[in-house]
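The values are calculated or read from the model by the stated rules, or taken from the named source; none is laboratory data. Note that the structure is predicted; figures quoted are calculated from it, not measured. Positions of Cβ are generated from backbone atoms using ideal geometry, with glycine treated the same way; all protein chains shown enter the neighbour counts.
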Amino acid sequence: MGAQKGKDLLLKIHDGMNYITVAGLRSRKIAFNAELVDITNAESVDRWRELLAGAGVRRASLSGRGLFKDSASDALVRQAFFNGLITDCQVVVPDFGSITGAFQIASLEFAGEHNGEVTFDLTLESAGALSFAAI
């Protein structure tokens, strides 16, 4: 994957009918993690750590920072957070693919400077199996 524009990494939330790009995100990232299951024992060769393949819990975190530029995306995020909803989300990574699955908003923060706009920080955590489709 060559260099890409950060603005082309999209975070979308399903509104019941369509995936809506969460408007005004100025920065966003996705992180994949897998917990390891250590099965090292007294007979492990030269005491090197051994891991059990495929046994750990996998998860993904999505986060973004920006501003709401329309009331539709503001309302969609707000409703999902305050109702504790698990919603379908999609992340489009240019020249890589799209990741789709269930996520819950784990954090929603607002900030504002005296002479600036109100911004928000958003964190979503995976809540089930994710699918990947290559571009």
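Below, the figures for the structure above:
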read-out: Residues that are of a type in the set (D, E, K, R) and surrounded by 12 or more Cβ atoms within 10 Å (Cβ to Cβ), drawn from the stretch 46-68; value: Glu50, Arg58, Arg59, Arg65
read-out: In the stretch 76-94, the residues that are under 17 Å from Thr119 (Cα atoms), of a type in the set (A, V, I, L, M) and out of contact with any Phe, Trp or Tyr (no Cβ under 9 Å at 6 or more places or on another chain); value: Leu76
read-out: Qualifying positions in the stretch 25-43 - part of a loop (DSSP other than H, G, I, E, B) and farther than 24 Å from Ala127 by Cβ; value: Ile39, Thr40, Asn41, Ala42, Glu43
read-out: Residues satisfying the stated conditions in the stretch 90-135, i.e. within 14 Å of the chain's Cα centre (by Cα) and of a type in the set (Ser, Thr, Tyr); value: Ser98, Thr100, Ser107, Thr123, Ser126, Ser131
read-out: Residue list for the stretch 110-135, restricted to those being exposed (fewer than 10 other Cβ atoms within 10 Å of the Cβ) and out of contact with any strand residue (DSSP E or B) (no Cβ under 9 Å at 6 or more places or on another chain); value: His114, Asn115, Gly116
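Yes or no, residue by residue, for (1) more than 15 Å from the chain's Cα centre (by Cα); (2) modelled with pLDDT under 90:
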{"residue": "Ser27", "(1), (2)": "no, yes"}
{"residue": "Thr40", "(1), (2)": "yes, no"}
{"residue": "Gln79", "(1), (2)": "yes, no"}
{"residue": "Asp88", "(1), (2)": "no, no"}
